[in-house]
Amino acid sequence: MSLNQPIAPWLQGLWGELPFAAFPHAVLIYGQAGIGKYDFAIHLAQALLCECAEPNISKPCQQCEACRWFATGNHPDFMALVPEIQHKYLPQAALEGGQADAPVRTTKARDDEADAEATDKKEKRFIAIAEARSVISSLGLGSHRGGNRVILVSPLEQLKPDAANTLLKSLEEPPPQTIFILVAARLDRVLPTIRSRCRLLQAPKPERAIGLSWLQNKLATEKLNAISTAEIEALYDEFGDAPFAVYETLLARSSEDEKDELLLGALATKSLLQGLANGIQIDWLSIAEKIHKAPVPILLITLQRWCADLQGLSQANVVRYYPKHTEVLRVLAKQVRLVKLMRWWKMLLQARRHENHPLATRIQMEALLLQYQNIFSD
């Protein structure tokens with residue numbers, strides 16, 4: 001991410017409401033995934049650490065020593081707790097207060113143990129308890145520059161129970177001049193005890209025209225404006241009006257990095273949608289084999305959105321997420337057994353609750369796709 005980018009248009013109102021004059025010790029920024037909450041939180045962290053004394057200059061000023069340190073990932077009073085797979089999104093990989101050389105676990109090549117490798121990747125989607133304890137234990141010391149100290153935790157749902165309890169203790173008795181910025185897409189998965197100790201800030205979704213305009217400008221900046229407007233709009237619908245999610249996915253596609261999880265997710269989603277379009281004729285074993293290396297949350301979200309469109313067409317003749325598949329969905333909606341469809345929806349909800357647990361992805365997908373096949377039979 002670029003720290004010089006302005007706040008996304010749909011988040012500027014939220015920024016204007018921030019109480020910088022008397023900032024609370026903890027804020028929880030929540031809202032739909034992929035709408036820019038993380039970039040907003042990084043910008044906020046830099047503003048809280050900015051040392052510019054000029055009253056007519058907005059923070060972060062990008063010019064003072066503190067801003068320069070922050071941009072290079074070396075600010076000693078900024079600490080970030082994020083899953084290992086998201087370290088690359090921090091300013092210059094700022095880890096544990098700017099220590100870019102913090103140890104990073106590696107995944108050994110296991111050509112014949114794909115499921116074990118997937119389990120290890122799932123573990124990296126959580127915030128490690130060791131990192132949480134390391135950051136929290138350092139709070140007993142005063143701030144290095146005598147001003148604010150900022151702790152970013154994102155996504156908050158990825159804190160394991162032990163790490164969440166460690167964070168809770170600090171929120172109950174916050175150290176002086178310490179501000180926690182917490183980010184969550186699923187507020188229902190955040191401990192009530194943590195929510196109650198934070199100022200809640202809801203990040204709004206963009207209006208469609210504003211989100212698409214922002215997205216097209218970003219793609220032009222990255223020289224990805226060769227992508228057709230129809231494709232951009234189709235992806236925008238598929239991602240539920242989340243422009244940052246579309247942008248990052250298209251960047252991943254252009255990089256052609258076979259290990260990039262967003263690229264794996266995009267390719268798997270394409271195969272999954274092709275399989276779902278076959279209805280009762282779906283080759284669920286083959287589809288599960290093609291997609292099992294992709295991140296489980298992406299797969300489950302795709303299944304949920306397909307299910308939602310089937311239900312929308314069955315009950316209200318409405319397609320929300322996959323309008324380019326309207327004709328196929330319309331045919332399937334006439335064949336589906338609505339009671340079974342609702343049961344499948346409940347299965348997907350249950351699967352989402354455990355989406356980051358170290359379960360065998362292939363087996364899980366096989367079970368869900370087999371049940372999908374069954375919703376079309378008596």
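When you scan the stretch 160-172, do you find a residue that is free of Cβ contacts under 8 Å to residues at least 40 places away in the same chain, of a type in the set (Asp, Glu) and over 22 Å from ILE298 (Cβ atoms), even just one? Yes - at least one qualifying residue is present in the stretch 160-172.
Of everything in the stretch 315-357 that's in a loop (DSSP other than H, G, I, E, B) and of a type in the set (Phe, Trp, Tyr), which residue is farthest from ARG125 (Cα to Cα)?
So the first thing to find is which residues in the stretch 315-357 are in a loop (DSSP other than H, G, I, E, B), and the list is 317-322, 336-337, 354-357.
So of that shortlist, the ones also of a type in the set (Phe, Trp, Tyr) come out as 321-322.
Details: TYR321: 26, TYR322: 28 Å.
Per the criteria, the residue is TYR322.
The set of residues from the stretch 305-336 being within 25 Å of the chain's Cα centre (by Cα), surrounded by fewer than 16 Cβ atoms within 10 Å (Cβ to Cβ) and at pLDDT 95 or above is empty.
Pairing residues of the stretch 317-332 that are not assigned by TED's automatic domain parsing to the domain that holds GLN281 with residues that are buried (at least 19 other Cβ atoms within 10 Å of the Cβ), at Cβ distances under 7 Å and at least 6 apart in sequence or on separate chains, gives no pairs at all.
With farther than 17 Å from PRO155 by Cα, out of contact with any helix residue (DSSP H, G or I) (no Cβ under 8 Å at 6 or more places or on another chain), at pLDDT 90 or above and among the charged types (D, E, K, R) as the only criterion, which of LYS259, LYS270 stands out? Break it down stepwise before answering.
On the way: LYS259 fails: at pLDDT 90 or above.
On inspection, the qualifying residue turns out to be LYS270.
Just one of the listed residues (ALA33, ALA41) is part of a loop (DSSP other than H, G, I, E, B), surrounded by 14 or more Cβ atoms within 10 Å (Cβ to Cβ) and either in contact with a Pro (Cβ under 7 Å, 6 or more places away or on another chain) or at negative phi (or both), namely ALA33. The residues of the stretch 198-227 that are surrounded by 13 or more Cβ atoms within 10 Å (Cβ to Cβ) and among the hydroxyl-bearing types (Ser, Thr, Tyr) amount to a single one, SER213. Please work out if VAL104 is among the hydrophobic types (A, V, I, L, M, F, W, C) and either within 21 Å of ALA66 (Cβ to Cβ) or modelled with pLDDT of 80 or more (or both). Taking the combined requirement at face value, the residue does not satisfy it.
Mind checking whether some residue in the stretch 195-208 is part of a helix (DSSP H, G or I), at pLDDT 90 or above and of a type in the set (Asp, Glu)? Spell out how you get there, then give the answer.
Quick first cut of the stretch 195-208, residues part of a helix (DSSP H, G or I) only: 195, 208.
Those left that are additionally at pLDDT 90 or above: 195, 208.
Then keep just the ones that are of a type in the set (Asp, Glu); that gives none.
No, there is no match, as no residue in the stretch 195-208 is part of a helix (DSSP H, G or I), at pLDDT 90 or above and of a type in the set (Asp, Glu).
The values are calculated or read from the model by the stated rules, or taken from the named source; none is laboratory data. Fair warning: this is a prediction, and the values are worked out from it, not measured in the lab. Using ideal geometry, Cβ is built from the backbone for each residue, glycine included, and neighbour counts are taken over all protein chains shown.
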